[in-house]
1. When the residues of region 196-232 are filtered to those that are modelled with pLDDT of 95 or more and aromatic (Phe, Trp, Tyr), which remaining residue is farthest from the chain's Cα centre (by Cα)?
2. Tally the residues that are of a type outside the set (Lys, Arg) and surrounded by 15 or more Cβ atoms within 10 Å (Cβ to Cβ), restricting the search to region 235-252.
3. If you scan region 144-161, which residues turn out to be free of Cβ contacts under 8 Å to residues at least 40 places away in the same chain and part of a strand (DSSP E or B)?
Amino acid sequence: MDEDRTPATDGLDRRAELSEFLRTRRARLKPEDVGLASQGRHRRVPGLRREELAQLAGVSVAYYTRLEQGNGRNVSAEVLDAIAGALRLSDTEHAHLVHLARPTRQRRRPPSPKRRERVRPALRHLLDAMEGVPAYVVGARSDILAWNRMAAALFGDWGRLPVAERNWARLTFLEPDYRELFLDWESKAADMVSYLRLYAGRNPEDPELSALVGELSVKSREFRGLWATHDVKEKGHGVKRMRHPVVGELSLAYETLHLPDDDGQSVSVYHAEPGSSSAEALRLLASWGVGDLSGAKV
C-alpha cells in the first residue's frame, strides 16, 4: 500500500485483496524453492514469474493472470487447490485464498456501531471465576469486549478507556505504553495485523474494519508496512514476554479458545509455568487491587 493512500471506509475491495494476496505470495517464492533454475541476476522481478507459477499449477498463463488481476469469477476449487499448492500456502492461507476468490454469502452481517458485539452473561461469569489467570474476550475486529480482574492488573484497566478505544490493534500501534509492555512488540504487532487480514478476507464489506484499517494506516508507519505484506494467521497459542511496571518481567503462555456460537469471538487466557518467577509475579499482581495499580503506567 502506498504510504500516502488510505483505505476507503466503506469496505475493502475484494478484487484488489485477491490480486495483492496472490502477488505477495508469488513474490516470496524463489525459483530454486520449487526446483526451477534461478537465472541469476538477470531476473527482473522478485520471486516467481506468473508463467512459472502457472506452469507449476497446471493452468494457462492467461487464466492465472486474470485471477491475479482479481477476477476470481467461476474459478474452480480444483484450480484454487493447485495454485495454493504451487504457492506453498499454509492451511490458513489456502482458506483465505478461497474466501477471496469464491466469497460466500454471510449468514450474519458484521456487527455495526448500532449493534455492538455482546458477551454472554455466562461467559462473563466464567472470566470472573478465573481468579488466578488473566483472561479476556475479543471480537473479530480485535475489540476487547470483556475481561477479568487479573487481565486489568496485567494489561491496564480497559474500563477507563472509551469503548471505541478498547481495541487491541489500536492499543498495540497507537499507545506507547504497550510498546514498553511487550518485549517482543514486533511479533505482537505482526500477529495483530495478520488476524485483521484474515478477518478482512472473510468480511471485506465491513465498514468498521475498513475505518479501523484507515485510521491505523494514517497514524502508524509500522501498521502500513505490515498490512502491505498480506500475511494471514489464526489466533492460536504461544508465549509472550512482558515487562510490567509493578512486577517486572514475565514470560506467559497464552491459549486462544474460539467460541463457535459467537461470531468471531474468542477467549484468551494467560498462564505461567508453575514455580517460575513469572508465576510469582502473577501471584503478586493478584494480591494488588486494580485500583492500587491505576497509578502505574501499563
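The values are calculated or read from the model by the stated rules, or taken from the named source; none is laboratory data. Treat the numbers as computed from the prediction; the structure is a model and nothing was measured. We place every Cβ from the backbone using ideal geometry, glycine too, and count neighbours over all the protein chains shown.
1. By that ranking, first place goes to PHE223.
2. 7
3. ILE144, ALA146, TRP147
To keep it simple, each residue is scored yes or no on (1) more than 23 Å from GLU17 (Cα to Cα); (2) in a helix (DSSP H, G or I); (3) modelled with pLDDT under 95.
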{"site": "PRO111", "(1), (2), (3)": "no, no, yes"}
{"site": "GLU117", "(1), (2), (3)": "yes, no, yes"}
{"site": "ARG124", "(1), (2), (3)": "yes, yes, yes"}
{"site": "GLY132", "(1), (2), (3)": "yes, no, yes"}
{"site": "TYR136", "(1), (2), (3)": "yes, no, no"}
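Per-residue answers, yes or no, for (1) closer than 18 Å to ILE144 by Cβ; (2) part of a helix (DSSP H, G or I); (3) without any contact (Cβ under 8 Å) to a residue 60 or more places away in the chain:
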{"site": "ALA169", "(1), (2), (3)": "yes, yes, yes"}
{"site": "ASP177", "(1), (2), (3)": "yes, yes, no"}
{"site": "ALA189", "(1), (2), (3)": "yes, yes, yes"}
{"site": "PRO204", "(1), (2), (3)": "no, no, no"}
{"site": "LEU209", "(1), (2), (3)": "yes, yes, no"}
